[in-house]
Each structure stands twice: as C-alpha cells, then as structure tokens.
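Visitor: Below is one structure. I have some questions about it.
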Amino acid sequence: TAEFLGETFQLVDTGGLVFDDNDAIFAKEIREQAMLAIEESSGVILVVDGQAGPTAMDEQLAVFLRKEVLKKMPVVLAVNKCESDKSGSYMASQFWGLGLGEPFAVSALHGVGTADLLESMFEGIVEKGSAIKGFGTKVKELEAAQQALVALDKGIPLEGEDETDVFLRQYGIGRDNEDVIQRYEEAMSAFDDVPSMEEINIAIVGRPNVG
C-alpha cells in the first residue's frame, strides 16, 4: 500500500506477464491473473530492469499496454535498479523507445524515485478519470483554497469577483474573509480524514523475475 497526496493506492504485483506459454512455467495462469488485475485497476506500472536494458519481452509488454490499456488508464514506466546517481538517469533513458512516456529511474530496494513516479500516476488517474468518483478532489480543493487565501492576502479579486467586490469587502460587504480562511482549514483537515475503504488498485506488471 502507498499513500500519496491524500489518496491510498493498493499495489497489486501480478508476478510477471508473458504472452508465450513456453517462456515461463504456468504462463497461461499467470497471464490470466495479470489481465484480471489490470482490469480491476485504475493504473498500471510497467517495471523493467535498468541494468539489463530493454529486452524483447519488455517491448512485447509495452506494445500490449499501448494498444489495450493506455486508452483506459495511465501506464507509468518504472526502470528499476537505478539507484546510482551517476548512471541511473542514463539507464532509464534507454527505455524511451518503449513509447510509454518518461521512464522513471527508481530503486525498489532503496526507495529511490518513487515520489515522482506516484505523482505521475496520480496525475494520470485524475486526467483519465480511471478511479472512483472524487479521486484527487482533496488536492484540487486545497489548491483552490490556497489560491483564494493568497488573493485575499494580496487584496486582489477572488474567483468570480472584480475590483468592485474587493473594494466592498473592505467594508464588510460581500464575501466574508473568514469564509476563505475556513475553506482553507477544511481543505487541509480533509487530509486527516480516514481513507475510503474502496481501494484504488495499481497493477504492477513486468517480465518474469524483472525485480
């Protein structure tokens, strides 16, 4: 489980996805399990091995994800074993050719790069609307409340106001300053709420033994 920006993700490791039944023991069963996990998820993380470089299996998975999954939900590319500051970025850059957008240099062992990866996943889920209704609203509301607070402090119009409204507010006419402050406080406190019991699943796929 991972928490990010007020939302909780349930990470579902599919155990390796192969399309040729000769490539792994129980390949058919593992594939069916992985397909089910993807179907029940709001996003997919494709894990590849940065030290090994791109493989034919990685390309097969990328083609499948581009054609069958990317139109429904975000797919984020995690290039594992990139803990080195010197070579990590280079190893990750080798995977641009998979056509899944920016390859994120990560290290599952050391926890490197996971924040940027989760941020990209979060934004992708919001953009595609692939999660439950209301996903990401905590962050949106906090951003709006912060903008209103800044506008109030600088004496500039709030959303839907003009200069006349700003002038009148100085004399207690129109929107109450306390309303803006209360909105910000409520937006902040929303992050302390007990998470919803409904899970946001993220399927982790990759070739067998890629970790």
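The values are calculated or read from the model by the stated rules, or taken from the named source; none is laboratory data. Treat the numbers as computed from the prediction; the structure is a model and nothing was measured. Note that each Cβ is placed from the backbone with ideal geometry, even for glycine, and that neighbours are counted across all protein chains shown. Accessible surface is based on the protein model in full, side chains and every heavy atom, while ligands, DNA and RNA are left aside. Shrake-Rupley method; radii C 1.70, N 1.55, O 1.52, S 1.80 Å.
Visitor: Using a basic spin-label model with each label point 7 Å from the Cα along Cα→Cβ, how many nm lie between LYS28 and ILE181?
Guide: 6.9
Visitor: Moving on to the next point. If packing is taken as the average count of other Cβ atoms within 10 Å, what order do 101-110, 37-46 fall into, highest mean first?
Guide: Ranking, from highest mean packing down: 37-46, 101-110.
Visitor: Taking a spot 7 Å from the Cα of ASP13 along the direction of its beta carbon, which residues of region 80-102 have an amide N less than 20 Å from it?
Guide: 80-83
Visitor: Between MET35 and ASN209, what is 0.36 nm times their sequence separation minus the Cα-Cα distance? Round to one decimal in nm.
Guide: So the chain would gain 60.9 nm between MET35 and ASN209.
Visitor: Right, another one. Test of understanding: what is the full-extension gain from ARG66 to GLU161, defined as 0.36 nm times their sequence separation minus their Cα-Cα distance?
Guide: That works out to 29.8 nm of additional length.
Visitor: A further question on this structure: About its Cα centre, how strong a charge dipole does region 62-103 have in debye, to the nearest 20, once Lys and Arg get +1 and Asp and Glu get -1 at the Cβ?
Guide: 240
Visitor: About its Cα centre, what dipole magnitude does region 14-101 give when the only charges are +1 on Lys and Arg Cβ and -1 on Asp and Glu Cβ, stated in debye to the nearest 20?
Guide: Value, rounded to 20: 340 debye.
Visitor: Which order do you get for MET35, MET121 if you rank them by accessible area with a 1.4 Å probe, largest at the top?
Guide: Listed by decreasing accessible area, they come as MET35, MET121.
Visitor: Taking a probe of 1.4 angstrom, what is the accessible area of THR8 in Å², to the nearest 10?
Guide: 40
Visitor: OK, next. Roughly how much of TYR184 is accessible, in Å² to the nearest 10, using a 1.4 Å probe?
Guide: 60
Visitor: Taking a probe of 1.4 angstrom, what is the accessible area of ASP20 in Å², to the nearest 10?
Guide: Counting only protein heavy atoms, the figure is 70 Å².
Visitor: My understanding is that a pair violates if its Cα-Cα distance is over 28 Å; which of LYS28/LYS86; LYS72/LYS140; LYS28/LYS72 do that in this structure?
Guide: As for pairs spanning more than 28 Å Cα to Cα, those are LYS28/LYS86.
Visitor: Now, a different point. Please report, in debye to the nearest 20, how large the charge dipole of region 22-157 is about its Cα centre when each Lys and Arg carries +1 at its beta carbon and each Asp and Glu carries -1 there.
Guide: 300
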